[in-house]
Structure formats: structure tokens, C-alpha cells
1. How much of the DSSP beta bridge set in the chain is antiparallel, as a percent to the nearest 5?
2. Which whole-number percentage describes the relative contact order of the chain, with Cα contacts under 8 Å and a sequence gap of 6 or more?
3. Among Ile215, Ile168, Ile401, Ile332, which comes first, second and so on when ranked by fewest other beta-carbon atoms within 10 Å?
4. Mind sorting Phe53, Phe105 by how few other Cβ atoms lie within 10 Å of their own Cβ, fewest first?
5. If neighbour count is taken as other Cβ atoms inside 10 Å, put Phe302, Phe92 in order from fewest to most.
6. Considering only DSSP beta bridges whose two residues both sit in region 22-220, what percent are antiparallel, to the nearest 5?
7. Starting with the highest mean, order 179-188, 362-371 by the number of other Cβ atoms within 10 Å, averaged over the residues of each peptide.
8. Can you name the helices of the chain, as whole DSSP H runs, whose Cα span along the helix axis is 18 Å or more and whose Kyte-Doolittle mean is not below 0.0?
Amino acid sequence: MNVRRVGDLGPDERRALFERDAGVDEVRDDVQEIVDRVRKEGDVALREFAEEFDGVTVGNVDITDDAERAVEEIDAATLSAIEDAAENVRAFHEAQLPTDWRDSFEGRELGRRYRPIESAGAYVPGGTAAYPSSALMGVIPAKVAGVEHVAVATPPAEEINPVTLAAIHVAGADVVYQAGGAQAIAALAYGTESVDAVDKVVGPGNRWVTAAKSIVRGDVAIDFLAGPSEIMVVADESADPELVAADLVAQAEHDENASVVAVTDDEELAEAVAAAVDSQADARDREAVIRGALDSAASGVFLARSMSEAVLFAEEYAAEHLSIVAEDDESILDRIPSAGSAFLGPHSAVAAGDYASGPNHVLPTGGHARVTGGLSVDSFLRSTTVQRLSEESLADIESTITTLAEAEGLEAHAESVRKRFDDA
């Protein structure tokens, strides 16, 4: 990788870095056709798309029993790792559970309550790698929230990866479907003969999946539109260039469209990181995928004139994963509010968050961390405000209500309050 200077970036280079998108526009028309067919033809469309896109003849769409059997089929060490990761993810999300509350506000009893949605569907990708971790991240927060029916859709194959299936079962999914891509999202949104429609669809996927989520979100809730993986590393002279490079290469391994960026105010570190990235990429089995990401205009190692410039650069980027390897990491974090998940210090490998530290790895990309956070227990909860007013507390605000209602020309609103005092 070449080192570029933040101050020398032209408009096109900045646009490539800061206006990342999931690439859904190019496939939207094709995805619309897929969604329409699944909505109209149900299981027939799912089976035909499985043959067309996955090269697989699908028998039963429901493979819940296969997921249960997979727990017995995988080796003990892998199952133990899945269970350990699930325990950590579950504990972190249980800590997020909110508590119903009521309080008195000048005699008005006001509060908020939380209840789970009734059903959710989690998409677990297949493709060029198996993602059992995505099963844990999609299903566990929903079950912790109390969602009664949690379905999983994962792409069909001659033999679906048993590790993925085992993770789906360990996570607590109630039903598992073999359906992939846009057609899976459509099935979860609208239902088929074999698939029950759900209230909300969550989970990562390729641009076909993301486009489908954007199409169905008028009819079903979704989490957000997530694109390819991203990482921003902010480092000072104390950072180990080999570790910084390792995190960059790890995220590049996900997808050739991934965006991997490091910024520092230390020129020697920048050059060392760039060299280490190239060296480590050469040693990886997925080198072609990694190189595709590293060569992207949205990736690079950048030299800032100061740490303040580096921080502003990282904040504007609004990364999915933010790694801060610097002596004053907490201070830097306070100055970068826009990030999906933050990793502080040299031992906080981003891969820990991908798998087992506990926080969710389904995170906003494409700069959307400026306005939203990642998947959480809150994603599966409904909040309801609760109000109980006494005659006295209503009387205290009667004139405020009626004056504002009349100012808006809503006479019936004002009268609905006055009537409560007709006999007073």
C-alpha cells in the first residue's frame, strides 16, 4: 500500500473515502423482480432461484432439524468455541435490557414500558466464507429481548456448513430456512408456503440482500442497510505497525469491496504499516480478496499533519469499526462520536468483536454511524409511553393545552379537556 497525505486529498479521493455506498443501485431493478416473484410465487420462486443462483435443488425449505443435528456433527472444540462466544454475546446483550419505569412529574404519573416485537428474521450469509458468528449476532439479541419467534434464513448448498447450522441452533433460533440472497429477504418479509412472514428482518449481506431490504422496508421493519466491512485505525507513534496491519488485513479478508483505512501523524509508523500490510496480505489464503480491498480507492494508509487532523479525518469517515491505538485513546474516542464499534488499545483486536468479546458485529457502514448504532436488544423492543393524570394535574396544564390547541385551530382538542371540568 502507498501512504497518502490527508492534506493532499483531492475532491474525487475524498468522495471515494467518505461517500461509500453499498452499491445497491446497480442491482435494484433485478432485485425488485426477485422480490416480486417470491411475493407472487412463494416456494416455487425460492426453489427456482436456488437452482439459478446457488446451483442447488432444494427439497424442504425448512431445515430446522438439520441445524439441531449439526450440533452433534461438528467437532467438540468448534462447538465449545461457539458456546463460549454465545455466552459472551448473550451476557453483553442481557446487560442492555431496559427497565420499565414510572415517575411523578408535578403530579402527572408518566413512564415508559418496553415489550418485544412478536417475530424477527435474521439473515446469515453464506457465499465465499461461512459466518456462524452472524448467527449468534442476529439471533441472540432477539431472544434476549424476548422475541417469541426468531427465524433464520441462510443460503442453500449441497451441504450447508454444519458449523453455521450448529451456531444457529446454539443461538436459539426457532426455525431455519434454506434461502439466500434477495429471495430470502422477500420470503421473510412476505412469507411463502413454508416461510412465516416476520415483523422485522435483520442481518448483513451482499448488495443483493441490502437492495432487497431497502425494497421491503416499507412493508416490514429492518435494522439498517449495511454494506461491505470497514475499519478505521487511528494510531500514534506508540502503535505496533504489525498489529495495525493485522487488523486492516483481517477486515480486508471479508470482501474485496471492504474499506480498510489507517491514519496517523507519525510518518515512520505510516510507512511501516503500509509495508506490513503488503507482507501480511501475501501470506493469507484469501490474498485475492484482500488485494481487491486494499487496492480500492476507499482504502489506504494516511499521514496527517497532527493528531487533531487525524481525529477529524476519522470522524468524517464514520467507520463501522474504529480502532484507536494511541496513548490517549479515551480522549481520542471522546472526539470521534461517529463509529459503529470502538476498539481501544493494542490488545483490542477487531476480530474479537467479530466473534466473541460480546458486542454485536452487525454495524452501520457507509458513514451511517453518524446517525445510528449497531444491532442491539433495543432493535427488537417496542417502547410505549404511559400517562396517568389526576383531575388536579390535568387542571394544572388545562390552559396550556387549550391555548395551544386553539392556536392550531383544533377546537375539539381543547373541548376534550374542558369537558372534564364541566361539573367542577
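Every number here is computed from the coordinates shown, using simple stated rules; none is lab data. These numbers come from a predicted model, not from an experiment. Virtual Cβ from ideal backbone geometry, glycine too; neighbours counted across all protein chains shown.
1. On the way: 14 of 50 bridges.
Approximately 30 percent, going by the DSSP bridge assignments.
2. Numbers: 876 pairs, mean separation 89.2, N = 424.
Rounded, it is 21 percent for the chain.
3. On the way: Ile215 20, Ile168 32, Ile401 15, Ile332 23.
Taking fewest neighbouring Cβ atoms as first place, the list is Ile401, Ile215, Ile332, Ile168.
4. Details: Phe53 16, Phe105 10.
Ordered from fewest to most neighbouring Cβ atoms within 10 Å, Phe53, Phe105 come out as Phe105, Phe53.
5. Values: Phe302 23, Phe92 18.
Fewest-to-most ranking of Phe302, Phe92: Phe92, Phe302.
6. Values: 6 of 18 bridges.
Looking only at bridges with both residues in region 22-220, the antiparallel portion is about 35 percent.
7. Values: 179-188: 30.6, 362-371: 21.6.
Put in order of decreasing packing, that is 179-188, 362-371.
8. Working: long enough: 28-41 (19 Å, -1.52); 76-94 (26 Å, -0.03); 132-145 (20 Å, 1.06); 267-282 (23 Å, 0.07); 391-407 (24 Å, 0.05).
Helices meeting the span and hydropathy rule in the chain are 132-145, 267-282, 391-407.
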